[in-house]
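See structure below.
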Amino acid sequence: MCMVTLPAPVMERHGSVWVVRDDLLPGGTKRRFLYPFLHARANVRQWVYASPRVGYAQVALAHACRDLQRTAVVVIPKGAHTPLTQEALSLGATIIEVPMGYLSHIQHVAAQYAATTPDAQLLPFGLDHPEIIQEATRVAQSLPYTPTEVWSCVSSGVLSRGLQAAWPTIPVYGVGVGHHTTPDEQGRAQLFRSPYKFAQKCPRKEAPPFPSSAFYDAKVWSFLVRHASPGALFWNVGA
């Protein structure tokens, strides 16, 4: 079992909605989900991930690898480093920059690196693995609250599917950003689509009244304000 202990998620009420404030956890929500998966594979010393420039998983992985004395290898499109990549670097991650940085291409480069490095293993996009989703479900079920419905940002759909399993009879809503989520990734979530392109920030006037990733979670808030029922839960992954 993983010996790293993180603080429990902070819940905060905003009007009639409860918010999981994982922007308060360095590395955000997906950091929580990674430890058991990485810890169970002690032979892997380098964890490789293909990340969009503004992808949050690169920071989650960098934190987890630092804590478990592994190396995060993050493959990104070549260009100016975002604050997320700078944070991953400061935590000891190895950054590989790839020209012509389409997601399919950086995934190919990441897969090649993992395949040719003896102690390395590739993580799936969005950290989409059944064990990681199972940990998401466990964390959600540990909350001292049963919501009337659940809201989250959806790209790979990992968090949303974890929440769907945690509360199988409760409506789950998501706001899609980034690539177009497949039916398998979406699960049973009812999906809205953000009008903003992936690399566009959420306008400040539509953002929530707490720190939230302008490229991801912040884009949920305007939909939640218009459509959520009292007692809803919004999972804020990070800032």
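Read-outs: derived from the displayed coordinates by stated rules, not from any lab. Since this is a predicted model, take the numbers as computed values, not measurements. As a convention, Cβ positions derive from the backbone with ideal geometry for all residues, glycine included, and neighbour counts pool all protein chains shown.
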Once the Cα gyration tensor of region 73-139 is found, what semi-axes does its equivalent ellipsoid get, as square roots of 5 times the eigenvalues, in whole Å, sorted largest first?
-> 22, 16, 13
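I need the calculated FRET efficiency for the pair L89 and L24, taking r as the beta carbon distance and R₀ as 30 Å, to the nearest 0.05.
0.85
More than 22 angstrom separation, counting every C-alpha pair in the chain; what % is that? Before the final figure, lay out the partial values.
Numbers: 14280 of 28441 pairs.
When all Cα pairs of the chain are counted, 50 percent exceed 22 Å.
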First measure r as the distance between the Cβ atoms of K201 and A42, then evaluate 1/(1 + (r/R0)^6) with R0 = 30 Å and state the FRET efficiency to the nearest 0.05.
-> 0.15
What Kirkwood hydrodynamic radius, in Å, does region 101-178 give when the mean of 1/r is taken over all pairs of distinct Cα atoms and then inverted?
-> 14.3
Counting each DSSP H run of 4 or more residues in the chain as -39500 (n - 2.57), what helix-only mean residue ellipticity at 222 nm follows after dividing by all residues, to the nearest 500 deg cm²/dmol?
-> -9000 deg cm²/dmol
Return one number: the angle in degrees, 0 to 90 and rounded to the nearest 10, between the long axis of the Cα atoms of helix 57-67 and the longest principal axis of the Cα atoms of the chain.
-> 60
If you wrap region 141-213's Cα atoms in a convex hull and average its projection over all directions, what's the area in nm²?
-> 5.6
re region 14-91: pairs of Cα atoms spaced beyond 18 Å account for a percent value of 42
Taking region 77-212, the whole-percent share of alpha-carbon pairs separated by over 24 angstrom is 44
Shape parameters for region 182-239, alpha-carbon atoms, Rg then Dmax in Å = 11.9, 33
